[in-house]
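Heads up: the structure comes next, in structure tokens.
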Amino acid sequence: MTTPHTLRDITECDGTDLLPRGHRVRGWTITDLIGAGGWSTVYAAQPADRYPDRTGRPPALLSAAPADIALKIMPTAGYAPRQTRRIVESACREVELGRRAGHARLIRLLDSFVLDAPDRPALDGAIVLVMERAAGSLRELLDAGVAEADRPGLIAGICEGLAHLHGAGWVHADLKPENVLLDGSRCVKLSDFGLATQVTGTHGYAPPMGTLDYLPPERWRAPLGDMGVKVRPSADIWALGIIIHEVFGSGASPFSGATPMARGAAVQEYGEGRAPLRMDQAVPPFWRELAADCLAPTHAARAPHTAASLLARITAEQSARKRSTGRLWGRARTAILTTAFCGIAGTTLWSDAARASSSALNGLEGAAAGTIRVFNAEKGCQERADRDPQCSLGMAIDPTGPYTADNVVPSRVWHGDVLEVDCQLPDGRAVIDEADLQSTRWFHVRLPSGSTPPTAWLPAVRTRDRPALQGCPHPAAGR
């Protein structure tokens, strides 16, 4: 899936020959730009009229298509022969998969053709894929913050799509949040099959390409043959493990590093047995175990954990949780049993622990506050000036409870942030940071105006400051 841009962004950055709004591409009229990637530009479009011109296709083709579609345009002019061949092969893979492996969890391919545009030499001969249009991507959802109730459904939807894809004999080979889309009903759809490969026997072959943050250890050292590099379904399972961690760990990768190459080095260290797998403590136990199985360091260890078996585990866990918690599992979570994920909740319900903690601290309103500076033990994150989600740190609702997803506030902090703090709790839950320092001390911090909730707890290992503060009332006192 391409990344979202505005028309001005792309024309100013690289001078791409963009199609203006209202431009007609066969029977379609461009309505907007969706995004641009290395080899393609994707536009939103609508049927120009009931019958496309110069196509010779029966009217039924367009009458069966949705009113809004996406046109993926892949120019071939101006590239070296080898590059052109790769573009054509990529388009052929998408067309072949679209025709042979259609499923409700895969973006639907409606049509394909070669663009005849003599008035635009850069686009003449471009390959055009007409596809179902999505409403957004998992990456956008991660950036905005995924509601806790929606997380299981996201992962189950991805598993369902992968299970079908793998069962049909295909490997996606570029699974990442940008390629996990949501349709107008907020249902999961896997997309962008330009690197997808058909499996013959135990593996297929793909170009030596992919997104660094989602490549398994074996891909970093895979030999390149005449047909490309070997790819197996277990590569998609690895990428799924990274996505599980991102969904339940506030967008962060389980492998530390300030750049994709640095995180790739950490993956290789782990794959060679020289470093342990470290996951965010916010990831709940069931999902931590699931992610760990997906992130087994070798293909052989990962192979038993198929998309179908992972989906069965998720369904069983959610069913058991529903039975044990009764009415607390409402419609949004029940939907996961059918892996529908259609209709995302959009609001977060705060736990009794949050209300209890707030009640216990009411007596401290107006107390003199000190300040602390956030410290991230990851050196690469200390050097970054931007607020990369990979370098963000979580804060708890209840410092005495498990540091899991339902006990973490939506707000994140970064190295160097200065927070107001009004008291400290010496005997909270023990937390260990990336440098293996451990502490049971927690600071009660005030979040920026408008934050929900307005306060949170930061573990002492996330700061090097030790302000002189009074003790906080124990959160259990407010329950």
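No value in this document is a laboratory result; all are computed from the given coordinates. This structure is a prediction, so every number in the text was calculated from the model and none was measured. Note that we place each Cβ from the backbone using ideal geometry, even for glycine, and neighbour counts take in every protein chain shown.
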(request) Name the residues whose placed amide hydrogens come within less than 5 Å of the amide hydrogen of Thr31, ignoring near sequence neighbours (fewer than 5 apart) on the same chain. (result) Gly22, Ala44, Ala45, Gln46
(message) Assuming 0.36 nm per residue, please report the length gained on full extension of the stretch Thr371 to His474 beyond their Cα-Cα distance.
(response) 35.0 nm
(request) Can you check what the net charge comes to around Ala239, using other residues whose Cβ is under 15 Å from the Cβ of Ala239 (Lys, Arg +1; Asp, Glu -1)? (result) -2
(message) Given points 7 Å out from each Cα along the Cα-Cβ axis, report the Arg321 to Glu96 separation in nanometres with one decimal.
(response) 3.9 nm
(request) Describe numerically, in nm with one decimal, the distance between label points set 7 Å from Cα along Cα→Cβ at Glu89 and at Asp465. (result) 5.6 nm
(message) Using amide H atoms built in the peptide plane, which far-off residues or other-chain residues are under 5 Å from Ile127 H to H?
(response) Met74, Thr76, Leu115
